[in-house]
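Taking it in order: structure first as structure tokens, then the write-up.
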Amino acid sequence: MKAVFALLRATLAFLPMLLTGWRLDRRASRAKVIGTLRLSGGLSEESGGGAGLPGRGSRPLFDLLRLLRLAGEDASVRGVALRIGALEAGWAQLEEVRDEIAELRRRGRVVFAYLDRPGHHELFLAAACDHVTIAPLASLDVVGLRAEVTFVRDALGKAGVKPHFEAAGEYKSYGETFTRDSMSPEHRESLDLVLRGVHDGFVAAVGSGRGLEADAVQALVDSGPHSAEEAAEHGLIDAVLYPDGWRRHMRRALGDTVAEPGEELAGVTPRKQRHRVLNLGGWLGPNLTHRWLRRLVAPKKAVVVLALEGSIVDSDQPYVRAGRIAPRPTSSTLKALRTDDDVAAVVLRVNSPGGSGLASDMMWRELKRLAAKKPLVVSMGNVAASGGYYLAMAGDEILADPLTITGSIGVVAGKFEISELLGKLGIQRDVLSYGANSGMNSLTTGWTDAERVRLREHIEGFYAAFVGKAAQSRGVEYDELAKHAEGRIWTGTQALERGLIDALGSTQDAVRRAAVRAKLGSDYDVWLAEAARPGWWERLRSLPLSAEARVMARIEATLEHQLGVQGLSGDGIQARMPFGLRIR
């Protein structure tokens, strides 16, 4: 029956495929297009686009990279114009976009960038382009990267909340957010090395893109911010124009003769011969349709990119909202990939700071089952640390972007004691208990000495298992791997130097390696898969209806975004990054 449906599907799609192919061939020989694309906000690894704070939508990274790849394959697209607004994407994701821009340029396309609100992230991306333009009164706000860590111990104390934390790993400083008012020496050492690595990567990228020495870029950073004219004078940008002038500038760069408004100019390029400035997504829509139809007519073996993004939670629900990774929906997806004969290999795209240790281990097991049957190559996103690294250990091969944040091999457990807060509110609790350690998870009392000792034994055992599996994954002795564990974080480049990953590379590089392992040659499809998410009805039912509920939902999301506190009380041992890290 499956074969019958496949034959019927191919028959129905055959003629539309021929027609769209003919249209694309005809268009490629006649049209000359500059495709425009707006980039702002965040980038999501999942197609749903948005695991961040409420109201902050994100463009799916997979779709963006595919669109840029199609632009390089379509002969009618002579140039790509990126209108770059304020970016909230991570450094590793921007490196992926930079790689696709470089590929566009290698294919002969000219890539233009217009920066609306130029800062570090925006210049980092634009430096990969051929031409960079900003508005006359814009300021290039490049002053050096900075990492700020929030500590809330005193605020919790004023509220009557007392944090209790135990960690395995000298650098596992997640609990410091709640127990200290400044960084410990280990915390500072670890963060400083990563910040230096990201800053050096930024300086190198800007220098190579703009033809400047690293020392010259650093001097410009130290003397920033810069006006538009100063930025042009120092070579950080190419032109200072308003958007309408930028469009004329692009057409001139591609050979059109274009007059300024009100200017009489001989030899102006006729309208039918000019480069048309059009929306890139709209122009390449038929390309996507043709690719889909071709897949129906002649299906190929596929390399599937499985995106896992967000905090790891211990949930038995059939699906969790965006920004969560849970065992049940993930295991269902992995089983489908494992049993689907059309799937030849899988690329696991991890973008997670970790979370529940138990959930991480359960999903690691399912990933190992998949890897036993099909090639599994791991691609790390902005963050693949602690529980995120735990998932990556299941792969046959691990790739990371140079500015990925990874490592953090360590665990932490903690709780918040609220007895004083309850007293301030006039709430009393009376207790009956059986068991010497019955108060271990109670929020109304701290830990007894016996409870603390038992907890430490528990987390040390989990840590030893974590390090042991990491050592086995990397093919080294336990003691060798342990030197780079202890909860310490690394950039992708630093992780490669310490043997925690196999190579530096993009998602596309991981897809190619997976195809090689599956012996697919160059003839294969690439799909994006992700765990099940709530449908529209479930999302509607879960919406906070009252004003108070909406405010509380916003507070909860903000706390998770800034401090990573989600799931701490209910998920036991946490394999979670030591702090919510944002480098800007």
Value of relative contact order over the stretch 21-139, rounded to a whole percent, pairs C-alpha under 8 Å and six or more apart: 24 percent
Mind sorting Trp527, Trp364, Trp246 by how few other Cβ atoms lie within 10 Å of their own Cβ, fewest first? Trp527, Trp364, Trp246
Rounded to whole Hz, the Karplus (6.51, -1.76, 1.60) HN-Hα couplings of the stretch 269-274, x for glycine and proline: 4, x, 4, 5, 9, 6
How far is the Cα center of the stretch 102-170 from the Cα center of the stretch 331-345, in Å? 36 Å
Going by amide H atoms built from the backbone, whose H comes under 5 Å of the H on Arg117, apart from near neighbours? Ala86
Label Leu432 and Phe14 with points 7 Å out from Cα along Cα→Cβ: what is the distance between them in nm? 7.8 nm
Along each principal axis of its Cα atoms, how long is the chain end to end? Whole angstroms, biggest number first, please. 92, 68, 55
With a 10 Å Cβ neighbour count serving as the proxy for reagent exposure, in which order, fewest first, do Val511, Val476 appear? Val476, Val511
Taking a cut-off of 17 Å between Cα atoms, list the lysines near Lys162, but don't count ones fewer than 8 places away on the same chain. Lys415, Lys424
When the helix-only estimate is applied to the chain (DSSP H runs of n ≥ 4, each -39,500 (n - 2.57), divided by the residue count), what is the mean residue ellipticity at 222 nm, nearest 500 deg cm²/dmol? -13500 deg cm²/dmol
List the pairs from Lys335/Lys519; Lys32/Lys300; Lys172/Lys373; Lys469/Lys519; Lys374/Lys483; Lys300/Lys374 whose alpha-carbon separation is above 24 Å, in the order I gave them. Lys32/Lys300; Lys172/Lys373; Lys469/Lys519; Lys374/Lys483
Can you tally the net charge around Gly157? Count Lys and Arg as +1, Asp and Glu as -1, for every other residue whose Cβ sits under 13 Å from the Cβ of Gly157. +1
For the stretch 407-506, what is the convex hull volume of its Cα atoms per residue in Å³? 150 Å³
Using alpha carbons only, what's the Rg to Rh ratio of the stretch 262-415 with Rh from Kirkwood? 1.21
Quarter of Cα convex hull surface for the stretch 80-164, i.e. mean projection, nm²: 8.4 nm²
Enumerate the amide H contacts of Arg349 below 5 Å, restricted to partners 5 or more residues apart or on another chain; note that Pro and chain-start residues carry no placed amide H. Leu306, Ala307, Leu308, Ser379
Diffing the stretch 316-323: the Karplus 3J(HN,Hα) column from phi (6.51, -1.76, 1.60, θ = phi - 60°), in whole Hz with x for Gly and Pro, holds 9, 6, x, 7, 10, 6, 4, x
For the chain the mean separation of alpha carbon contacts under 8 Å (6+ apart) over residue count, i.e. relative contact order in percent, is 19 percent
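A short reminder: the numbers here are calculations on the coordinates, not readings from a lab. It should be emphasised that the depicted structure is a prediction, and the values quoted were computed from it without experimental measurement. Neighbour counts are summed over all protein chains in view; Cβ atoms, including those assigned to glycine, are modelled from backbone coordinates with ideal geometry.
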